[in-house]
Amino acid sequence: MPKKTKKTKKASAPETVPLRNRCLDTLRGLAITLMVVDHASDLFFNMNIEPSNVRMVTRLSMPLFCILMGYFLARSRRVHWERLLQIGAATVVTNVLFYTLYGKLEILASLLVCYVGIVGLKLFFVPLVLAPFLFSWDASQAVFDFPLSIVAGCVAQGVILRCGGLRVAIATGIVLTVAALVVSEPSRYVLWFVLPATLLIALGIARPQWHLRGLEWIGRFPLSIYVAQYYLLVLLSR
């Protein structure tokens, strides 16, 4: 009689948590920092958005943040409901103050709409990269500080960078730059920075370990810092 041998189960390999891209965290931190400078310039110095002052440079913050959001959402295969709720909560808290001051909804509200749009449309969100060409007919200008046609175009650029690669994203970045011709000020200035923001993010993807410690830390807690800085700046400016 042959001896029965016990079957041994193969040890399953431990699941590894993907490493954070420190460079993209740094770029997200840069975007938040530029937003702080932009808000401070408005609240303390009543500075208009013009090519001759610092608020032109701070336009980089919006495409950086939007393209990063589109890139990460396109990469994810599941809906991060917790993150969606966090953005929703931050949107409510921030706009209680912002809407009181300006009578419009600020950038987080626009990003929340685009987040829901990507969740629902997935890759069908990509054609919205052409949305800025419809700026003249964008009724959201009356409600949102950053109209949905502009924000959706920038977020779609992030999806394209993730799914289509850098060459395609450079092409659509050029298209968005051309779209600035049919967009009024100050929204057109945002589109001028889409291509530079795309190239910065592509560099961050290629060099994930490059970082600046302070900006990296800010980039890991963007929502909390964004909400806190706005309330703090408004309080100090009164």
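Throughout, read-outs are computed from the coordinates displayed, never taken from laboratory work. Just so you know, these numbers come straight off a predicted model, no measurement behind them. When we count neighbours, we look across all protein chains shown, and the Cβ atoms used for this are built from the backbone with ideal geometry, even at glycine.
Okay, here's what the table says:
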quantity	calculated
The chain: relative contact order in percent, alpha carbon pairs under 8 Å with at least 6 residues between	35
Built amide H within the under 5 Å cut-off of F144, gap 5+	L105
Degrees separating the helix 194-206 axis from the principal Cα axis of the chain, which is the longest one	30
Extension gain (nm, one decimal) between H80 and L181, 0.36 nm per residue minus Cα-Cα	32.8 nm
Chain lengthening between L236 and Y99 when straightened (0.36 nm per residue, less Cα-Cα)	47.5 nm
Structure-derived Cα extents along the principal axes in Å: which label, when the choices are (i) 92, 40, 32; (ii) 74, 49, 34; (iii) 78, 41, 40	(i)
Ordering of 65-74, 106-115, 151-160, 228-237 by burial proxy (mean other Cβ atoms within 10 Å per residue, highest first)	151-160, 65-74, 106-115, 228-237
Cβ-placed point charges (K, R +1; D, E -1), dipole of region 92-238 about Cα centre in debye, nearest 20	380
Alpha-carbon centroid distance for the pair region 179-193 / region 51-99, whole angstrom	19
